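Reviewing the structure listed below.
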Amino acid sequence: MSSDSLPPLPQNRIVLGCGQVAVDFLATVASFPNPDDKIRSTSLKVQGGGNAGNASTCAARLGLNPRLISKVSNDSHGQGILEELEADGVDTSFFIVSEEGNSSFTYVIVDSQTNTRTCIHTPGYPPLIPEELSQSSLLSALDGVNMVYFDGRHHETALVVAKEAARKNIPILVEAEREREGLDDLLDFATYAICSAKFPQAWTEAPSVPSALISMLLRLPKLKFVVVTLGEEGCIMLERSVNGGSDAEEMDVHCLLESLKLIKDDSKTIPTCISSVETKLSANGIGTITGRLFVGTAEKIPPSELVDTTGAGDAFIGAVLYAVCAGMPPEKMLPFAAQVAATGCRALGARTVLPLRTDPRLASFL
């Protein structure tokens with residue numbers, strides 16, 4: 001697809017990420033080994049990884065100008081991480097490079113039988129600390145930024161960045177993959193949150209995902225929307241109403257979710273989105289939020305094309321960064337992000353086939 005036929009790039013496309021970068025050692029196996037087994041890999045790949053590294057790479061390929069705050073060591077892994085990010089157009093000038101220690105790396109076992117991936121992660125050492133990011137570097141990193149994204153790692157430094165971003169009224173997207181030290185403090189600053197399937201219930205102790213999303217919006221007054229990604233089941237999003245919508249009808253959030261799922265067209269293979277009208281959404285024992293509920297579907301990837309789901313969530317976040325910068329409404333954003341994530345699942349590694357903005361598979365979503 002020629003770039004002439006595409007809509008113009010977002011006016012302000014500088015985004016700042018803060019989080020983890022790593023090297024991924026990916027090995028595909030016919031089936032997951034038993035204890036004490038010796039097995040052979042069917043394919044092997046070594047490439048850059050880490051949530052923030054992957055999401056920033058995805059955003060860069062879609063046409064944003066991402067900057068990244070992270071830390072590597074001055075070792076072969078660290079040099080490779082930086083070179084790969086720079087080649088994709090990610091600005092690494094705010095990285096801290098340590099003369100000692102090790103850069104983080106992850107062994108990823110991709111099981112062809114179950115289409116799952118198992119990660120064994122070795123964190124970088126020494127860790128990034130706030131004192132390593134000077135005030136002048138921080139202000140330069142945030143200069144002209146449209147949005148800041150945190151993957152929940154390097155929480156002490158992330159909090160310093162979040163406080164300064166909030167002071168400058170820069171929107172903040174927080175990824176909530178699982179409960180981590182310092183994540184609660186970051187979520188207090190979040191404008192947008194994207195959660196893994198298990199996080200909302202684990203964090204709120206609510207009895208179901210929809211009631212947990214209501215609980216999150218009640219606990220985090222700055223939050224405009226929260227998305228929970230559900231893999232091949234797609235995603236659910238709850239968006240808070242701006243004006244309060246006092247005349248909206250009240251409805252139990254579970255009933256509304258079930259009614260949206262009934263309208264969903266399961267015959268479509270491409271990602272779609274169903275949304276409610278503005279509604280007073282209630283969850284028993286939790287409370288009420290006025291807003292809209294969205295159900296997004298995932299692409300139905302033919303089994304012969306599904307290779308590796310590593311980094312699918314990071315790609316989804318990278319696409320959401322683009323969508324928010326481009327002012328896409330949720331009805332357009334969720335299918336777009338799902339399509340970007342699905343495209344990346346068709347080869348080994350999180351970044352191997354992350355799409356460019358000109359990819360014909362994205363044309364109808366842009």
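The values are calculated or read from the model by the stated rules, or taken from the named source; none is laboratory data. Because the structure is predicted, anything quoted here is derived from the model rather than measured. Don't worry about glycine lacking a Cβ; one is built from the backbone with ideal geometry, like all the others, and counts go over all protein chains shown. Note: areas computed on protein heavy atoms with side chains; ligands, DNA, RNA excluded. Shrake-Rupley method; radii C 1.70, N 1.55, O 1.52, S 1.80 Å.
Annotations for the structure displayed:
- Residue that is farthest from the chain's Cα centre (by Cα), among those in segment 100-124 that are under 14 Å from Ser41 (Cβ atoms) and among the charged types (D, E, K, R): Asp111
- Cβ separations smaller than 6 Å between residues 6+ apart or across chains give the following pairs from segment 306-323 residues that are closer than 26 Å to Thr114 by Cα to residues that are crowded, with 23+ Cβ neighbours inside 10 Å and hydroxyl-bearing (Ser, Thr, Tyr): Gly313/Thr229; Phe316/Thr229.
- Residue identified as closer than 25 Å to Ala165 by Cα and either in contact (Cβ under 8 Å) with a residue 60 or more places away in the chain or not in a loop (DSSP other than H, G, I, E, B) (or both) among Leu16, Leu44: Leu16
- Test set (1) more than 30 Å from Leu354 (Cβ to Cβ); (2) in contact with a Phe, Trp or Tyr (Cβ under 9 Å, 6 or more places away or on another chain); (3) open to solvent by 50 Å² or more (accessible area, probe 1.4 Å) - Cys255 fails condition number: (2)
- Some residue of segment 208-224 being open to solvent by less than 20 Å² (accessible area, probe 1.4 Å) and in contact with a Lys or Arg (Cβ under 8 Å, 6 or more places away or on another chain): yes
- Members of segment 328-350 that are at pLDDT below 95 and either closer than 21 Å to Ile274 by Cβ or part of a loop (DSSP other than H, G, I, E, B) (or both): Ala347, Leu348, Gly349, Ala350
- Total residues in segment 301-338 satisfying the condition of being open to solvent by 40 Å² or more (accessible area, probe 1.4 Å) and on the phi > 0 side of the Ramachandran plot: the figure is 1.
- Residue in segment 7-27 that is over 25 Å from the mean Cα position of the chain (by Cα) and open to solvent by 20 Å² or more (accessible area, probe 1.4 Å) present: no
- Leading residue by the ranking (least open to solvent (accessible area, probe 1.4 Å)) among those in segment 266-300 that are in a loop (DSSP other than H, G, I, E, B) and over 23 Å from Val320 (Cα atoms): Ile286
- Unmet criterion (only one of (1) touching a residue at least 24 places away in the same chain (Cβ under 8 Å); (2) under 23 Å from Gly287 (Cα atoms); (3) surrounded by fewer than 17 Cβ atoms within 10 Å (Cβ to Cβ)) for Glu205: (1)
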